[in-house]
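The structure under discussion appears below in the form of structure tokens.
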């Protein structure tokens with residue numbers, strides 16, 4: 001499995017744990033529920049790439065010890 005595929009699987013797993021009624025707003029893109037986000041991540045379109053970027057930045061900050069409230 002390619003690294004990109006592993007990253008996509010990780011992001012999809014992280015999105016799976018969101019509550020069913022959760023909505024995520026992305027400035028400049030709009031508001032999406034978890035099913036829409038997962039669809040965009042799978043398609044690897046502009047929104048999907050933005051979600052992957054946001055999630056990877058968050059995970060990297062956790063590794064560095066920077067926590068968001």
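Points worth noting:
- Among the candidates 24, 11, residue that is surrounded by 14 or more Cβ atoms within 10 Å (Cβ to Cβ), in contact (Cβ under 8 Å) with a residue 12 or more places away in the chain and assigned to a helix (DSSP H, G or I): 11
- Residues of the range 31-49 satisfying the condition of being part of a strand (DSSP E or B) and either out of contact with any helix residue (DSSP H, G or I) (no Cβ under 8 Å at 6 or more places or on another chain) or loosely packed, with under 11 Cβ neighbours inside 10 Å (or both): 31, 33
- Filter pass, residue 63 being part of a helix (DSSP H, G or I) and either more than 11 Å from the chain's Cα centre (by Cα) or touching a residue at least 60 places away in the same chain (Cβ under 8 Å) (or both): yes
Read the figures in this text as sums done on the coordinates, not as results from a lab. Values in this document were obtained by computation on a predicted structure and should not be read as measured data. When we count neighbours, we look across all protein chains shown, and the Cβ atoms used for this are built from the backbone with ideal geometry, even at glycine.
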